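Here is the structure we will look at.
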Amino acid sequence: MELICGPWPWYTSGILIAFVMFLLLMNGKYFGVSSNLRTLCTICGAGNKIDFFKFDWKAQKWNLFLITGAAIGGFIAVNFLSADTNIALNPKTIETLDVLGFKDAGANYLPTELFRFDSVKSVLLLALGGLFIGFGTRYAGGCTSGHAISGLSNLQLPSLIAVLGFFAGGLAMIHLVFPLIF
Amino acid sequence: MKSISYLTIGILFGVTMLKSEAASWFRIYEMFQFQSFHMYGIIGISVLLGTLIIALIKKFNIKAFDGSPIVFHKKDISFKRYFFGGLIFGLGWALAGACPGPMFTLVGAGFFPILIVIVFAVFGTYLYGRFKDKLPH
């Protein structure tokens, strides 16, 4: 039980993610989570005016079940499979975050300074992050699951380009933008 | 019945994302600071095993559970859409510290401000659909 309730090592996680992709392939499905964002647009009626959202979303119902499961999994993991949700970060990371104004980095699962409803700045930053994620994944045609896991595993050059883009964007955000906004 | 199996696969995925800390904003930050092997290990192992799994499926022509062939689609070759799209996603990934999968896991785990990210991610996808003809692909 201790083994389960502590944080899982990277290899356990890597093996399980590959297993998830395998189970989906064996069901004739392709592991790619960001498609759900498009499906949600269609369900909200975006298909009435824009062709991109005109598709039979019911064919994507399985994927909605997948993310519903992902949410339930989060609930189970926090409530029944975790002793605590501290993150054992590199002390250097904690130091850098401290300078940026994030106190007690790693003492929680997420930084409480950013994930809150009662700060206009936090809400705006989370909204902006969401916009980038939604716009970028559809523009690139996939996210970490569709490109980095499924695409690279299928040796797709476009996925490699996309993953290089992910990292270029991430590095720019943390090294160039963070010092300006935090 | 089918729905239950996808729900179950999703639960496995969600538990894995949370327990391996891949859904933690801190881990994403640490990854982009190159101060930990953790995230690289997770992505590395899953891609390595994934490559092996797909190669084996192709080589031995393994069929899906229902007996139908497993079809792999080649992605259209282009540079702009993948790089620029990827770049924009990367900015959001680092800022919000979550990918489209883990963000749902975080809701289940009770971190409700992530709902702001989800709502705007849906809106961002809408904006892409609205303006996609004006973008270089």
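Things worth noting here:
- The percentage of C-alpha pairs in chain B whose separation is greater than 23 Å is 53%.
- Listed by chain and number, the aspartates and glutamates placed with their C-alpha closer than 17 angstrom to that of B:K2 are B:D66; residues fewer than eight positions away on the same chain are left out.
- Around the Cα centre of the protein assembly as shown, unit charges on the Cβ atoms of Lys, Arg, Asp and Glu (plus for the first two, minus for the last two) sum to a dipole of about 1240 debye.
- Report summary: the helix-based calculation at 222 nm, which adds -39500 (n - 2.57) for every DSSP H run with n ≥ 4 and divides by the residues of chain A, gives -17500 deg cm²/dmol.
- From phi via Karplus (6.51, -1.76, 1.60), per-residue ³J(HN,Hα) for the stretch A:69-75 in Hz, x at Gly/Pro: x, 4, 5, 4, x, x, 4
- Inter-chain Cβ neighbour count for A:171-181, averaged per residue, equals 4 (cutoff 10 Å, partner chain atoms only).
- Legend: residues B:R27, B:R130, A:R116, A:R38, sorted from most to least accessible area (1.4 Å probe; ligands, DNA and RNA excluded), read B:R130, A:R116, A:R38, B:R27.
- Residues considered: B:S24, B:S46, B:S36. Largest GNM mean-square fluctuation over chain B, using C-alpha springs under 10 Å, is found at B:S46.
- Summarised in one figure, the compactness ratio Rg/Rh of chain A, Cα atoms and Kirkwood Rh, is 0.98.
- Per residue of A:96-104, other chain Cβ atoms within 10 Å of the residue Cβ number 1 on average.
- Net charge contributed by nearby residues that have their C-beta within less than 15 Å of A:K61 (K/R +1, D/E -1): +3
- The protein assembly as shown: C-alpha pair distances exceeding 30 Å, %: 28
- Local electrostatic count at A:G47 - Lys and Arg +1, Asp and Glu -1, tallied over other residues with Cβ under 13 Å: +3
- Each Cα pair under 8 Å and six or more residues apart adds its sequence gap; the mean of these over the residue count of the stretch A:1-84 is a relative contact order of 35 percent.
- As a length-normalised measure over Cα pairs under 8 Å and 6 or more apart, the relative contact order of chain A settles at 24 percent.
- Here the Karplus relation 6.51 cos²θ - 1.76 cosθ + 1.60, evaluated at θ = phi - 60°, turns the backbone of the stretch A:41-46 into coupling constants of 4, 5, 4, 6, x, 5 Hz, with x for every Gly and Pro.
- Residue (of B:Q33, B:F84, B:F111) at the positive-pole extreme of chain B, dipole from beta-carbon charges: B:F84
- Chain B - percent relative contact order, Cα under 8 Å, separation 6 or more: 32
- Considering helices alone, the calculated mean residue ellipticity of chain B at 222 nm is -21500 deg cm²/dmol, with DSSP H runs of length four and up weighted by -39500 (n - 2.57) and normalised per residue.
- Electrostatic bookkeeping for B:G97 treats Lys and Arg as +1 and Asp and Glu as -1; over the other residues with beta carbon under 13 Å from its beta carbon, the sum is -2.
- Part-to-part distance (alpha-carbon centres) for the stretch B:70-110 and the stretch A:74-143, which is given in Å: 16
- Most mobile listed residue (B:G44, B:G108, B:G67) in chain B, GNM with C-alpha springs under 10 Å: B:G67
The values are calculated or read from the model by the stated rules, or taken from the named source; none is laboratory data. In this text, all values refer to a predicted model and were calculated from it rather than measured experimentally. Counting neighbours? That spans all protein chains shown, and the Cβs are built from the backbone with ideal geometry, glycine included. For accessibility, only protein heavy atoms count, side chains too; no ligands or nucleic acids. Shrake-Rupley method; radii C 1.70, N 1.55, O 1.52, S 1.80 Å.
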